[in-house]
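So the structure is just underneath, and the comments pick up after that.
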Amino acid sequence: MKQQIILDIHDRPSPIKWLALSIQHLFAMFGATILVPFLVGLSPAVALVSSGVGTLAFLLITRGQVPAYLGSSFAFIAPIISAKATLGPEQAMVGCFLAGLVYGIVALVIKGTGINWVMKILPPIVVGPVIIVIGLGLANTAVSMAMNDADGNYSSQYLLVALVTLAITVICSVYFKNIISLIPIFIGIVGGYLFAYTQGLVSLKEVKEAPFIAVPDFYIPFVSYTPSISLGIILVMVPVAVVTLSEHIGHLLVLNKIVDRNYIEKPGLHRTVLGDGVATMLAGLIGGPPNTTYGENIGVLAITRVFSVFVLGGAAVIAILFGFSGKVTALISSVPSPVMGGVSILLFGIIAASGLRMMVDGQVDLGDKRNLVIASIILVLGVGGAHLELSEQVQIDGMALATIVGIILNLVLPKSEEQEAVTSEVEEMQGNQKIS
């Protein structure tokens, strides 16, 4: 028996209920969305604005038919850090824009040819290990934030704060039901922040001095900098779009089941991919991290049975307003690094575990030598930080190199007849059909 729909796609709630439901979605995405700019050195305020603007653009492009919220993508953390360090922040933003442009190109190809080719180059045996690499590649960052002070020295106080934050996050995730279990990151940050305050690690001076309304530090091409495209930034950022594209398809298939609609057919995968890409391009144009559909918000839809796009749009508007609040920005900036480190330990682990889950759901048999070879090489290249230097300025970093090598191996290594049968079955389950 199917659960009753409380609000359908185009139902509009009363103002008070609308506000409450939208804030609920804001809480679901808030912790993860502000964590990404915190880690890569971008403005959390700009990330909130780009998240809201990107979501509104997505809703518009999908003709208000797909209830999804877009927030900062974790897949781009390592590439952005690498790009900023070697090529500069300007190139990093250009790279974010190019990653979104790849989505637009893919959307056009999907509209004309269907999704068969996407499933062939991005099977679970490639995407699963790459997602594991994303999570494990960030593990050192999480642990360092959790136990090292600003000077890089071990701090038992920092570690204590991180462990308390982690404990709160885990308890909310495991022992609570309904909406609490969907916002453990947000609750963990709040709880960890309060504990850090008792330890003397929080200063509210800047929060008190900050204005209520303030324009975020937008980083706009031809205004803040003169953009240029290099082979280096293409090789660092563009391959990551291949991974997030697969993530997008996975989220859409889950959404299909929850909302009981086939979004692959209507409005069409090409429209949802384009919406995701435009959101990422808009983020790159104002200095925010790339966007992606958020599983946390899909979880909120599943529990509340409120599918209204007006609610998602409301959350996007509130996120934009928060981005223009100096008080909110200062409050986010005052969160101590061990608090973020504490939630990151769980969050990055979950990312890695989701890669394992993808392989399980995709019926990947690691007893098969072909699959074992592909997964092993991707993991070692990615986690080991292997890179290919094409010149002094141009190199392909670990995750990008692992992704490219994984795709090539999957295409050239022969499959057994049994594997072909399993692949066909999985593709059929994923809605393998031509888009019209």
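Structure above, values below:
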| read-out | value |
| --- | --- |
| Accessible area of the chain belonging to carbon and sulfur atoms, whole % at 1.4 Å probe | 66 percent |
| Solvent-accessible area of residue 368 with every protein chain in place, 1.4 Å probe, in Å² to the nearest 10 | 40 Å² |
| Global form of the stretch 245-395, assessed from the alpha-carbon gyration tensor, a/c cut-off 1.5 | oblate |
| Cα pair count fraction exceeding 14 Å, expressed as % - the stretch 233-279 | 55 percent |
| Solvent accessible area, Å² - residue 254, 1.4 Å probe, full protein context | 70 Å² |
| Sorted largest first, extent of the stretch 28-116 alpha carbons per principal axis (Å) | 39, 29, 20 |
| Candidate residues 122, 204: accessible-area rank, largest first, probe 1.4 Å | 204, 122 |
| Under 16 Å from the Cα of residue 208 - lysines, other chains or at least 8 residues apart | 327 |
| Highest to lowest packing among 22-29, 260-267, scored as the average C-beta count within 10 Å | 22-29, 260-267 |
| Under the span-like rule (Cα at least 20 Å along the axis, Kyte-Doolittle mean at least 0.5), DSSP H helices of the chain | 15-40, 44-61, 89-113, 156-175, 184-198, 231-259, 269-286, 309-323, 337-361, 369-383, 398-412 |
| Counted charge near residue 248, where neighbours are those whose Cβ lies closer than 14 Å (Asp, Glu -1; Lys, Arg +1) | -1 |
| Equivalent ellipsoid semi-axes - Cα gyration tensor, the stretch 332-400, angstrom | 29, 23, 8 |
| Over the chain: helical MRE at 222 nm, DSSP H runs n ≥ 4 each giving -39500 (n - 2.57), nearest 500 | -22500 deg cm²/dmol |
| Sparse-neighbourhood loop sites, trypsin sites (Lys or Arg not before Pro) in the stretch 279-376 - DSSP loop, at most 16 other Cβ within 10 angstrom | 305 |
| Relative contact order %, the stretch 116-221, counting alpha carbon pairs below 8 Å whose residues are six or more apart | 15 percent |
| Spatial extent of the stretch 200-333: Rg and Dmax, with the Cα atoms as the point set, Å | 18.5, 55 |
| Rounded to the nearest 10 Å², the accessible area of residue 170 at probe 1.4 Å | 50 Å² |
| Listed residue pairs exceeding 26 Å between alpha carbons, taken from 111/369; 177/257; 120/266; 120/369; 17/266 | 111/369; 17/266 |
| Surface accessible to a 1.4 Å probe, per residue, for the residues of the chain, Å² | 43 Å² |
| In nm, spacing of pseudo-spin labels at residue 8 and residue 390 (7 Å Cα→C-beta vector) | 5.1 nm |
| 248, 10, 387, ranked by accessible area, largest first (probe 1.4 Å) | 10, 387, 248 |
| The chain - share of DSSP beta bridges that are antiparallel (%, nearest 5) | 75 percent |
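The values are calculated or read from the model by the stated rules, or taken from the named source; none is laboratory data. What you see is a predicted model, and the numbers here were worked out from it, not measured in a lab. Note that each Cβ is placed from the backbone with ideal geometry, even for glycine, and that neighbours are counted across all protein chains shown. Heavy atoms of the whole protein, side chains included, go into the accessibility calculation; ligands, DNA and RNA do not. Shrake-Rupley method; radii C 1.70, N 1.55, O 1.52, S 1.80 Å.
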